[in-house]
Amino acid sequence: MQCPSCNAANSAEARQCTACGTRLRRRRNSGVASEAAVNPWIHSSNRMALTAYRCSLLAMIPFLGLALGPLAVVLGLLGRRSERKQPSERGAGQAMAAVVLGTATLVTNWTGLFFILRGIS
Ligand SMILES: [Zn+2]
């Protein structure tokens, strides 16, 4: 990045200007990105992560979790991958929450079903 006081070119990671020693502030790429940084839950363009998160919330409803739990995990992992490719999309928090919640709901639902079926037979 460019030094604001002497215009010397510095590396993107530089904290100080190599020419004059001025402190360099890291700038966000765009207004959208910095808004997303403030509230990553709302300002996310990562649809996969958002869908995964919603699925994982719905998966907490008994029996819906049988199908939505695994779906949330898969979508969460896909959302995480898409966030890695395109960090501006954000949504890492949602993706991770979806994976964690999805795993929890799928385990509890399938375990519950297992015990119900074992109790019947
Ligand atoms: Zn400078």
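Bear in mind that the values in this text are calculations on the coordinates, not laboratory data. Here the structure is a predicted model, which is why all the values come from computation and not from measurement. Note that we place each Cβ from the backbone using ideal geometry, even for glycine, and neighbour counts take in every protein chain shown.
Alpha carbon centre of the range 46-117 versus the range 4-27: separation in Å?
Their Cα centres are 42 Å away from one another.
If r is the Cβ-Cβ distance from R23 to L58 and R0 is 41 Å, what FRET efficiency results, to the nearest 0.05?
E(calc), rounded to 0.05, equals 0.30.
Output wanted: per-residue J couplings in Hz (rounded whole) for the range 12-19, from phi through Karplus 6.51 cos²θ - 1.76 cosθ + 1.60, θ = phi - 60°, x for Gly and Pro.
4, 8, 4, 8, 10, 5, 6, 8
If you take the beta carbon distance between C6 and V74 as r and set R0 to 41 Å, what does 1/(1 + (r/R0)^6) give as a FRET efficiency, to the nearest 0.05?
With R0 = 41 Å, the Cβ-Cβ based efficiency is 0.20.
Collect residues whose amide H, placed 1.01 Å from N in the peptide plane, falls under 5 Å from the amide H of L24; neighbours closer than 5 in sequence don't count.
Distant-sequence amide H within range of L24: Q16, C17.
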